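Below you'll find the structure, written out as structure tokens, and then a few comments.
Any read-out appearing in this document is the output of simple, stated calculations on the displayed coordinates, not a laboratory observation. Please read these numbers as outputs of a predicted model, since none were measured by experiment.
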């Protein structure tokens, strides 16, 4: 049986160690609005984007050059009936070598099509991994949500609301 968990993959020419370092630099590719430790085993960090999304995440695995895993401890969405949809889900970043390149696969375990946030969340994750994280790894500069102003998340949420 095929899993319904969301997954996205990106290939880069840089080393697995460079990919690992970039993943752990969460402020460099996801959001500058992160407080807490993102690169310490069992460390916790808080993410927030305006009044739209807040979550507390625990770092559950750190294997240099191979794997990073997070678990969502608390979550709040302003745009879903179940505001806590992500709570209890996990994000797994797997780093492997593939045909002379480094592959990064993000699987958001528990983010499934039955979730109300599925479309907006999968579009956001795809953009953050395939654009922002890839850019951080390949150029040293990502496109995280800034402390204020427009962002990938705002664009995706706005697009989702206009469709709905």
Item to check | Cα long-axis angle, helix 152-163 against the chain (0 to 90 degrees, to the nearest 10) | outcome: 40
Checklist entry - Using only the Cα atoms of region 62-144, what do you get for the radius of gyration and for Dmax, in Å? => result 14.3, 45
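What shape does the chain have by the C-alpha gyration tensor, where a ≥ b ≥ c are the square roots of the eigenvalues, rounded means a/c under 1.5, and otherwise prolate means a/b greater than b/c and oblate the rest?
Rounded is the answer for the chain, as its axis ratio a/c remains below 1.5.
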Item to check | the chain: angle of helix 118-127 to the longest principal axis, Cα-based, in degrees nearest 10 | outcome: 30
Checklist outcome for this item: Once residue 130 and residue 40 are pulled to full extension, the length gained, defined as 0.36 nm per residue separation minus their Cα-Cα distance, is 30.0 nm
Checklist entry - Pulled fully out, how much extra length does the chain show between residue 51 and residue 14, if you take 0.36 nm times their separation in residues and subtract their Cα-Cα distance? => result 9.7 nm
Checklist entry - Kirkwood Rh, region 1-85, all Cα pairs: how many Å? => result 14.3
